[in-house]
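Coordinate-derived values only; no laboratory data. These numbers come from a predicted model, not from an experiment. Here the Cβ positions follow ideal geometry from the backbone for every residue, glycine too, while neighbour counts run over all protein chains shown.
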Amino acid sequence: MICVGIDVSKRKSTVCFMAPGDKIIRRPFDVKHTKEELQPLVDEIRVQAKYDEIKVVMESTGVYHLSIAYFLQQNGIFVSVVNALKVANFNKAENFRHTKTDSIDSTNIARYGIAYWAKLPQFDLNGDKYFLLKRLCDAYLNFSEERSRILLQLQSQLEQTMPGIFDLFGGFDINSGKDKLLDFLERYCHIEDIIAKSEAEFVASYREWAKEKGYRSNESKAATIYAQAKNGIPSIPNNPIVRETIMWYVGLLRRADETLMASLTRMEDIARDLPEYELVGEMGGVGRVTRVALIAQIGDVRRFKNKHSLICFAGLTPSIHESGKFRASQNHIVKKGPARLRKVLYQVMMLLVMHKIPKDDAVYRFIKKKEAEGKYKKVAKVAGMAKFLRIYYGRVMHLYRDLGLAA
């Protein structure tokens, strides 16, 4: 058997051919990520494959590895993309000096591939809905974080023009696509716009606005807004520049909302074809966004050996520190793995405890049990995250077995 270790960089990679016993078939050399330079590499791999089984191994490097992995896969070559942390830990045991160059890294990757030859997972990008869903989900979460930053800047502006108004309105409704605060600001963006009217006139105007925008007409809410405006002290006068600045933020948030809605709809179209889509949506605390985010961040559960492997993947296992008679009593979770998966799981836990007891209450009752035992609320939620993943794995795998799709 021959392992081709590839150390991937931004626009080039270093390649090493190795056989068992650390026998170098070809010393490390560089190739650029172009068809002109990758095709000779494919030809050489095919020549070697005539005489022995050959596999290509590379580390997962964000997006840099995708072009070369896809090109090799399209040419019928076995490609395995492995976790970089696994390779790093393997190399620590093999190399005490911890020297690092591209040539050494490609050699170490080839050595890792030979050591774990039978367990190397095959890279598959063609028609991989989980891969597409993960890419869309990452883009959605990135844009959502950017929207939050813009919203904070708008909040800062409003504290100077309409103190306290931000707390009187809800945020963006992902289900309806409406944002009540932005709709309100398009008509009233300064205290003087409100107090220029009498209370009765403002209430009538508010009811007319609510009917026009499709919101519930609430006179008491209008009276609260008017009272807030009457008692507020703006630090910026009402002038065209101020109004224009606020409208800029409103416009940015509008475009962000449209992008988020389009992204979510596209993610749902992809996820709806997966067997676990309906099942995940029925789990307690899972909403429209968190359903597709969970499926995207976890991926195909069949790649995990058992539920404990999934929990380890999420970085929710406790760190263990023991030496002789010493044993640490306070162990934090290791936090190795996708941080975004942990973030989505924590959002699910927050939704569970903030709303009424869901129909699927297993995780909810587990969290309350931990709190009753004296655990801090955050610790109880983290324990609930691990419990949620155990249930997720069990239910989804049971579904796959019933459908005859279990690996």
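Residues are listed down the side, and each one gets a yes or a no for (1) within 23 Å of residue 133 (Cα to Cα); (2) not small (Gly, Ala, Ser):
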site: 343; (1), (2): yes, yes
site: 348; (1), (2): yes, yes
site: 352; (1), (2): no, yes
site: 361; (1), (2): no, yes
site: 365; (1), (2): no, yes
site: 369; (1), (2): no, yes
site: 374; (1), (2): no, no
site: 378; (1), (2): no, yes
site: 381; (1), (2): no, yes
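Of the residues that make up the range 187-196, is at least one farther than 30 Å from residue 287 by Cβ and among the acidic types (Asp, Glu)? Yes, because at least one residue in the range 187-196 is farther than 30 Å from residue 287 by Cβ and among the acidic types (Asp, Glu). Filter the range 170-223 down to the residues that are loosely packed, with under 13 Cβ neighbours inside 10 Å and either acidic (Asp, Glu) or assigned to a helix (DSSP H, G or I) (or both) and list them by number. 173, 200, 201, 208, 211, 212, 219, 220 - these are the residues of the range 170-223 that are loosely packed, with under 13 Cβ neighbours inside 10 Å and either acidic (Asp, Glu) or assigned to a helix (DSSP H, G or I) (or both).
Taken over the range 50-91, the criterion of being assigned to a helix (DSSP H, G or I), touching a residue at least 24 places away in the same chain (Cβ under 8 Å) and under 21 Å from residue 114 (Cβ atoms) is satisfied by 65, 68, 69, 72, 73, 84, 85, 86, 87, 90. I'd like to know if the range 54-75 contains one or more residues that are over 30 Å from the mean Cα position of the chain (by Cα) and among the charged types (D, E, K, R). The answer is yes; a qualifying residue exists. A search for C-beta distances below 6 Å between a residue of the range 6-23 that is within 19 Å of residue 114 (Cβ to Cβ) and any residue that is of a type in the set (Asp, Glu) and crowded, with 16+ Cβ neighbours inside 10 Å, counting only pairs 6+ apart in sequence or on different chains, returns 7/102; 7/105; 14/7; 14/102.
Restricting to the range 148-169, give me the number of residues that are surrounded by 15 or more Cβ atoms within 10 Å (Cβ to Cβ) and under 17 Å from residue 218 (Cα atoms). Number of matching residues: 2.
Scan the range 299-314 and give yes if some residue there is under 18 Å from the mean Cα position of the chain (by Cα), closer than 25 Å to residue 139 by Cα and assigned to a loop (DSSP other than H, G, I, E, B), otherwise no. Within the range 299-314, one or more residues are under 18 Å from the mean Cα position of the chain (by Cα), closer than 25 Å to residue 139 by Cα and assigned to a loop (DSSP other than H, G, I, E, B). Return a yes/no flag: does the range 241-254 have any residue that is closer than 30 Å to residue 129 by Cβ, touching a residue at least 24 places away in the same chain (Cβ under 8 Å) and buried (at least 18 other Cβ atoms within 10 Å of the Cβ). So far as the range 241-254 goes, no, none of its residues is closer than 30 Å to residue 129 by Cβ, touching a residue at least 24 places away in the same chain (Cβ under 8 Å) and buried (at least 18 other Cβ atoms within 10 Å of the Cβ). Being in contact with a Cys (Cβ under 9 Å, 6 or more places away or on another chain) and in contact (Cβ under 8 Å) with a residue 12 or more places away in the chain, is that true of even one residue in the range 146-153? No - not one qualifying residue is present in the range 146-153. Total residues in the range 20-46 satisfying the condition of being more than 17 Å from residue 77 (Cα to Cα) and over 37 Å from the mean Cα position of the chain (by Cα): the figure is 8.
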